[in-house]
Amino acid sequence: MLDSPKAGERQVTALVEIAETVVGTPTPTTFEDVSEGVETFFCGEPKADDEPCEREVDDPDDICWQH
């Protein structure tokens, strides 16, 4: 994974290996997330600049290792 969602965003950037294809065959450039019920939680504690922390945590009430 190259980039994970931050503070409520839903876009994930991932490096995906695509099998070799025949020239002229369209290669998929995006894919849909078909997972259901998967939630991502973020720390949310204020950082030094008063912005909410965007580190991922396991549960909604958890805080990250730094807070």
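Spin-label pair D58-E39: with each label point 7 Å from Cα along the Cα-Cβ axis, the two points sit 1.6 nm from one another. Close amide-amide hydrogen proximity is noted between F42 and V57, each under 5 Å apart and 5 or more residues distant or on a separate chain (H modeled in the peptide plane; Pro and chain starts excluded). Computed extension gain for D49 through Q66, at 0.36 nm per residue and net of the alpha carbon distance, reaches 4.7 nm.
Each value in this text was obtained by applying a stated rule to the coordinates, not by laboratory testing. All values reported here derive from a predicted model rather than from experimental measurement. Counting neighbours? That spans all protein chains shown, and the Cβs are built from the backbone with ideal geometry, glycine included.
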